[in-house]
Amino acid sequence: MIGFQRKGALFVRYPPFGEILLVGDGDAIQILNFQDSTSPHPIDPAWRRDPALFAAVRQELLADFAGELKTFSFAVAPRRTELQQQVGRALQEIPYGQLATYRDIALRIGRPQAVRAVGATNGANPIAVVVPCHRVIGSNGTLTGYAGGLAIKERLLQLEGSFPVSPQLPFEALAGQEAWRNPPGNG
């Protein structure tokens, strides 16, 4: 089990994603949250600001947001129920640039009737981007809820090349990947 006695926190601003809260203990990240969203994470006064604790995480996030990184090397250790663990593992199996539906995830974890529970669990993901809940879309191919907000979800999917580029949210060097599920508008 990860020890939480050295827990630190850091706010980092990454345009166009806004302020991101990182919480971890030096061994793993427990929280990565878009704070400018409709669901900012509450701040624990016991957390201490510790930029050195997150230097490697910050470097990887910058590389990811620049389109230069497709997998993360740092450890994550969110506190989760059994269902949340199953969904989290299934989310981490969705390759960069590919999409899944809530139904796909429910089937993947062997709970085909749990589509709504998968949706709720996906929405409560404490580690955005790294546990890629943004790669989950509605069965009809539309963007559905995202704790960071739909604009951020669309930006992340555009960055990965798995969603049509909107003129309002430009990105450079978007490249499609082989599809776990064909992204909307990409065949």
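Every number here is computed from the coordinates shown, using simple stated rules; none is lab data. Keep in mind that what you see is a predicted model, and the values were worked out from it rather than measured. No Cβ is skipped: glycine too gets one built from the backbone with ideal geometry, and neighbour counts run over all protein chains shown.
Assorted remarks:
- Charge dipole magnitude, Cβ of K and R +1, D and E -1 - region 8-65, Cα centre, debye nearest 20: 160
- Percent of beta bridges antiparallel (DSSP, region 1-154, rounded to nearest 5): 65
- Computed from point charges on the beta carbon alone (+1 for Lys and Arg, -1 for Asp and Glu), the dipole magnitude for region 82-159 about its Cα centre is near 80 Debye.
- Neighbourhood net charge (11 Å Cβ-Cβ; Lys/Arg +1, Asp/Glu -1) for Val118: +3
- Residue-span extension gain [Gln35 to Arg49] - 0.36 nm each, minus C-alpha spacing: 3.5 nm
- Cut-off 10 Å between beta-carbons: net charge of the residues surrounding Lys70, Lys and Arg +1, Asp and Glu -1: -3
- Value of D in µm² per second that Stokes-Einstein yields for region 8-65, Kirkwood Rh from Cα pairs, at 25 °C (0.890 mPa s): 211
- Whole-number percent relative contact order across region 53-174, with pairs defined as alpha carbons under 8 Å at least 6 apart: 23
- With K and R counted +1 and D and E -1, the other residues having a Cβ less than 12 Å from that of Leu10 yield a net charge of +3.
- The simple Förster model, with R0 at 35 Å and r as the Cβ-Cβ distance, assigns Ala77 and Thr142 a FRET efficiency of 0.60.
- Between Ala66 and Arg111, residue separation times 0.36 nm minus the direct Cα-Cα distance comes to 12.6 nm.
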